[in-house]
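Have a look at the structure below before the remarks.
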Amino acid sequence: SLMYRQWLFACFFLILSVITATFGIFVIEAGTNKDFADLFESLWWTVVTITTVGYGDHAPVTIEGKVFAIFVISSGVIVNSLIISLFSQLFFGFQSAAYLGIKPFRKKGHLLICSDDVRFIESVIHEYPHKLKEGKIVIVAPSKKHPLQRSEFAKLPWIAGHPSEHLVSQRAGAPNATEAFVFFREHSETITGIIQLKNISHKKMTVAAIDYGLRSDANFRKLGCDRVLNPFEVFIPMMVRAFLSQESYLWIREVILRDPVFPQIHTQPFAKSDEGLAWKDYFIKAKNHRETPIAILTQDQQIHVSPPQDFIIHQNDSVLSLKPPKHNLAYGTKLPEKIAFPSQGVVLIASDSLLFIQRLLAELEFVKQDEDILIISHAPAPIDFPLENNIQWVQMDLVADYELSRARPSHVKVAFLDHRSDSYTMMCVLILESLTQGLVKTVASFRSPEFATNLEYIGCDFYINADELSAPLMAQSLSNEGYEVLIKRIVTQKIKTNSLRVFEVKAGFPKRQWLEVSLLLFDYDCIGLAVARNQQLFVHPTNDLMIEEN
């Protein structure tokens, strides 16, 4: 390279100058000047002169020697300038390589975050504090500058480009990485990134990806992707649970977001002594150790959520259990004020995403909500879109309230809102609340964390951060086999799976401890409690917590 040739020339010129000057001054001055009686004294004078230090302890006395010294000083100035220039170039070159995102990452066992979405990158980083502390997180982003340059993570190493490019993945140290998160707004870029990362790591890397498509999990897994998450599969059911059962919606949030003071789901193999036990016997044993078993993961990777009482535990099976935090005996989340949804009325769906609309319609069908449905979107209804008799599609701008008035908002029972722009979502909520004098119940999704306060301020009844759910669920599913499937099955209520439901303790119920109630209602796998008297939600309560009426 040019830099290498420049260093080679500088070293050659320096060595040549030192040798020439040493022998030259010795030959010229040796007979008449005792300061140059031997070669070492001549070498000393040469080094002092070329470096322009000039101690003056040795000096030529002959005319020839002084003329020769002028040439040595001149060559010293040239050599010094050249070396200083090269060192400066080298220093700024390293700085520039890091700034431009082309400096190779040399560590091993690191985590790759490949995305063009800043919020996704930040949310994944927050899930891996130990990797962050060790400096083992590398960002790969197709941008001209560090994607997080204005955040607390501005000094994290990053590589400019797309992981599908061989040079980019090499710079990111992909062959030595252990895990990778991949999400690009363009579906094809996510796919090509997965393929390259799997190939360059010889399939040793664990890859997790986000896909907003419908029914494409199988396609991603064929490419070698280890975990695939469709956020619609999580936050849309949660939006519907917020409408149907507010406590269950909160329980799912607490489990997915995994606050340090709340229980966590763990996967572990059964002990040898548990082999042959029936599920109910193991359940009682675990509850006495302050754990709540939820599901069994068999050795053929089948997950059984709340299996039958007589389900027999076999060798190599694993159990998914709720375990309490280390230093907490009682814990609870403050419930929001109970919102009474109208029993009659139209369900409004307003979104700029066809995928969101399709998934929400499917969820409403799962939970048997057969009210009339009004869909409002910028785009017209696709030609092949199945519009049932109770579904009406209106193409218009929801923010334009003079157009919204034509949709008779006073008849709306609940509105589900989702837009890529949080500001647009907020305006939709504000207009709906205004037109209905606050009677409409709004359930909205948002992306930017600061918008939670804004939505609450304008009267939004439930709001879900779609992006913040993705990274925790993916991170936990990577380290917790079966977690992803478990959460999906709980929230989607699909056939042959268990659903999260809320049962009310009626009047006249005798006071009992949580452990007693758990065993009485064994078939329902009790995992949480909403306490009316102090408006708290307890996820996996302590065994001795007393349960009363309401």
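The values are calculated or read from the model by the stated rules, or taken from the named source; none is laboratory data. Just so it is clear, the structure is predicted and the values come from calculations on it, not from any experiment. Positions of Cβ are generated from backbone atoms using ideal geometry, with glycine treated the same way; all protein chains shown enter the neighbour counts. Keep in mind that these areas ignore ligands, DNA and RNA; they rest on the heavy atoms of the full protein, side chains included. Shrake-Rupley method; radii C 1.70, N 1.55, O 1.52, S 1.80 Å.
By the scheme Lys and Arg +1, Asp and Glu -1, what is the net charge of all other residues having a beta-carbon under 13 Å from that of Ala59?
-2
Could you pull out the pairs from Lys136/Lys203; Lys323/Lys488; Lys155/Lys323; Lys103/Lys204; Lys136/Lys287 whose alpha carbons sit more than 28 Å apart here?
Details: Lys136/Lys203 20 Å; Lys323/Lys488 20 Å; Lys155/Lys323 36 Å; Lys103/Lys204 24 Å; Lys136/Lys287 38 Å.
Pairs exceeding 28 Å: Lys155/Lys323; Lys136/Lys287.
Going toward the positive end of the dipole of the chain, with +1 on Lys and Arg Cβ and -1 on Asp and Glu Cβ, which of Val234, Ile547, Gly56 do you reach last?
Toward the positive end, the furthest listed residue is Gly56.
Could you work out the relative contact order of the chain? I mean the mean sequence separation of Cα pairs under 8 Å and 6+ apart, divided by the number of residues, in percent. Mind showing how you got there, number by number?
Values: 921 pairs, mean separation 63.1, N = 550.
Averaging sequence separation for qualifying contacts and normalising by length gives 11 percent for the chain.
Within 10 Å of each candidate Cβ there may be at most 11 other Cβ atoms; applying that plus a DSSP loop requirement, which GluC sites (Glu not before Pro) in the stretch 244-285 survive? Present the calculation step by step, with values, prior to reporting the outcome.
Numbers: sites: Glu247, Glu254, Glu275; in loops: Glu275.
Loop-located and lightly packed - none at all.
How tilted is helix 232-244 with respect to the longest principal axis of the chain? Cα atoms for both, answer in degrees (0 to 90, nearest 10).
For 232-244 against the chain, the angle is about 40 degrees.
For the stretch 23-174, what does the equivalent ellipsoid look like in terms of its semi-axes, each the square root of 5 times an eigenvalue of the Cα gyration tensor, given largest first in whole Å?
Numbers: eigenvalues 679, 40, 31 Å².
Each semi-axis is √(5λ); the values are 58, 14, 13 Å.
Relative contact order of the stretch 452-540, please, whole-number percent, based on alpha carbon pairs below 8 angstrom and at least 6 residues apart. Could the numbers behind the result be given before it?
On the way: 39 pairs, mean separation 8.8, N = 89.
Averaging sequence separation for qualifying contacts and normalising by length gives 10 percent for the stretch 452-540.
Would any residue of the stretch 368-384 have its amide N under 19 Å from a label point 7 Å out along Cα→Cβ of Asn390? List them or say none.
368-376
Indicate, rounded to the nearest 5 percent, the antiparallel portion of the DSSP beta bridges found entirely in the chain. Let's see the in-between values first.
On the way: 23 of 65 bridges.
Within the chain, antiparallel bridges account for around 35 percent of the total.
With the contact rule set at Cα under 8 Å and sequence spacing of 6 or more, what percent relative contact order holds for the stretch 40-194? Don't jump to the answer; show the numbers that get you there.
On the way: 194 pairs, mean separation 35.9, N = 155.
Once divided by the residue count of the stretch 40-194, the mean separation gives 23 percent.
If you put +1 on each Lys and Arg Cβ and -1 on each Asp and Glu Cβ, how big is the dipole of the stretch 255-396 around its Cα centre, in Debye rounded to 20? Before the final figure, lay out the partial values.
Numbers: 12 positive and 17 negative charges, 190 e Å.
The dipole magnitude comes to about 920 debye.
Under 17 Å from a point 7 Å along the Cα-to-Cβ line of Thr298: which residues of the stretch 258-273 have their amide N that close?
270, by backbone N distance to the label point.
Per residue of the chain, what 222 nm ellipticity follows from adding -39500 (n - 2.57) for every DSSP H run with n ≥ 4, rounded to the nearest 500? Before the final figure, lay out the partial values.
Details: 18 runs with 223 residues, N = 550.
So the helix-based figure for the chain works out to -12500 deg cm²/dmol.
Compute the Kirkwood hydrodynamic radius of the stretch 33-121, taking the inverse of the mean of 1/r over all pairs of distinct Cα atoms, and give it in Å to one decimal. Can you show the working numbers first?
On the way: mean 1/r = 0.0569 Å⁻¹.
Answer for the stretch 33-121: a Kirkwood hydrodynamic radius of 17.6 Å.
Keeping all protein chains in place, calculate the accessible area per residue for the chain (probe 1.4 angstrom), answer in Å².
Values: 27760 Å² over 550 residues.
That works out to 50 Å² per residue.
Find the all-direction average of the projected area of the Cα convex hull for the chain, expressing the result in square nanometres with one decimal place. Please report the intermediate quantities before stating the final value.
Numbers: hull surface 151.6 nm².
Averaged projected area of the chain's Cα convex hull equals 37.9 nm².
How much of the pair distance distribution for the stretch 355-491 lies past 17 Å, counting alpha-carbon pairs only, in percent?
Working: 6044 of 9316 pairs.
Distances greater than 17 Å cover 65 percent of the Cα pairs.
Expressed in nm to one decimal, what extension gain is obtained for the pair Phe71 and Asp352 from 0.36 nm per residue of sequence separation less their Cα-Cα distance? Provide the component values of the computation, followed by the final result.
Details: separation 281, 0.36 × 281 = 101.16 nm, distance 7.69 nm.
Contour length minus Cα-Cα distance gives 93.5 nm.
Under a crude label model (7 Å from the Cα following the beta-carbon direction), how far is Leu521 from Glu64 in nanometres?
Label at Leu521, label at Glu64, 11.0 nm between them.
Regarding the stretch 435-550, what whole-number volume in Å³ per residue does the convex hull of its Cα atoms give?
Numbers: hull volume 21.1 nm³, N = 116.
Convex hull volume per residue, Cα atoms: 182 Å³.
Select from the stretch 443-550 those GluC sites (Glu not before Pro) which occupy a DSSP coil region and have at most 14 other Cβ atoms within 10 Å, ordered by residue number. Write out the running numbers ahead of the final one.
Working: sites: Glu450, Glu456, Glu468, Glu481, Glu484, Glu504, Glu516, Glu548, Glu549; in loops: Glu450, Glu481, Glu504, Glu548, Glu549.
Passing both the DSSP loop test and the Cβ count: Glu450, Glu504, Glu548, Glu549.
Kindly express, to the nearest 10 degrees and within the range 0 to 90, the angle between helix 118-127's C-alpha long axis and the longest C-alpha principal axis of the chain.
For helix 118-127, the angle is close to 80 degrees.
Taking the Cα centre of the chain as the origin, how large is its charge dipole in debye, to the nearest 20, when only Lys and Arg (+1) and Asp and Glu (-1) carry charge on their Cβ atoms? Please report the intermediate quantities before stating the final value.
Working: 53 positive and 59 negative charges, 165 e Å.
For this selection, approximately 800 debye.
Using protein chains only and a probe of 1.4 angstrom, how many square angstrom of Asp370 are accessible, to the nearest 10?
The accessible area comes out at roughly 120 Å².
Compare Ser470, Ser479 by solvent-accessible area with a 1.4 Å probe and give them largest first, with all protein chains kept in place. Before the final figure, lay out the partial values.
Values: Ser470 5, Ser479 95 Å².
Result, largest first: Ser479, Ser470.
Evaluate the distance, in nm, between pseudo-label points positioned 7 Å from the Cα of Glu549 and of Ile102 along their respective Cα→Cβ axes.
7.6
So, with a 1.4 angstrom probe, what is the percent of accessible area on the chain that is carbon and sulfur? Write down the numbers at each step before the final one.
Working: 15890 of 27760 Å².
Here carbon and sulfur together make up 57 percent of the probe-accessible area.
Would you pull out the residues with amide H under 5 Å of Arg420's amide H, same chain only if 5 or more places away, H placed 1.01 Å from N?
Result for Arg420 returns Asp352.
Debye sum, Cα scatterers, the stretch 149-303, no solvent: what log₁₀ I/I(0) at q = 0.09 1/Å?
Debye intensities relative to I(0), on a log10 scale: -0.47.
Once the dipole of the chain is set up with Lys and Arg at +1 and Asp and Glu at -1 on Cβ about the Cα centre, which of Val72, Val505, Pro293 lies farthest towards its positive end?
Result: Val72, furthest along the dipole toward the positive end.
Out of residues 5 or more away from Ala444 or on other chains, whose amide H comes under 5 Å of its own, with H placed 1.01 Å from N in the peptide plane?
Leu417, Phe462, Tyr463, Ile464
Suppose accessible area is computed on protein heavy atoms with a 1.4 Å probe; arrange Tyr524, Tyr128 from highest to lowest.
Numbers: Tyr524 135, Tyr128 20 Å².
Sorted by accessible area, descending: Tyr524, Tyr128.
Does the stretch 426-500 come out rounded, prolate or oblate, given a ≥ b ≥ c as the square roots of the eigenvalues of its C-alpha gyration tensor, rounded meaning a/c under 1.5 and, failing that, prolate meaning a/b above b/c? The partial results should precede the final answer.
Values: a/c = 4.72, a/b = 1.90, b/c = 2.49.
Oblate, since a/c reaches 1.5 and b/c is not below a/b.
Against the longest alpha carbon principal axis of the chain, how many degrees, from 0 to 90 and to the nearest 10, is the axis of helix 422-435 turned?
30
Enumerate the amide H contacts of Thr206 below 5 Å, restricted to partners 5 or more residues apart or on another chain; note that Pro and chain-start residues carry no placed amide H.
Amide H neighbours of Thr206, under 5 Å, 5+ apart: Glu179, Ala180.
Given a 1.4 Å probe and heavy atoms of the protein chains only, how would you sort Ser423, Ser169, largest accessible area at the top? Can you show the working numbers first?
Values: Ser423 65, Ser169 5 Å².
Per-residue accessible area, sorted high to low, gives Ser423, Ser169.
Return P(r) of the stretch 115-234 (all Cα-Cα pairs; 10 Å bins starting at 0; whole %; ordered from short to long distances).
Bins of 10 Å from zero give 13, 48, 34, 5 percent of pairs.
Rounded to whole Å and sorted largest first, list the principal axis extents of the Cα atoms in the stretch 242-338.
46, 32, 20
Picking from Gly109, Ser88, Phe26, whose Cα lies most toward the positive end of the charge dipole for the stretch 1-117 (charges on Cβ: Lys, Arg +1; Asp, Glu -1)?
Gly109
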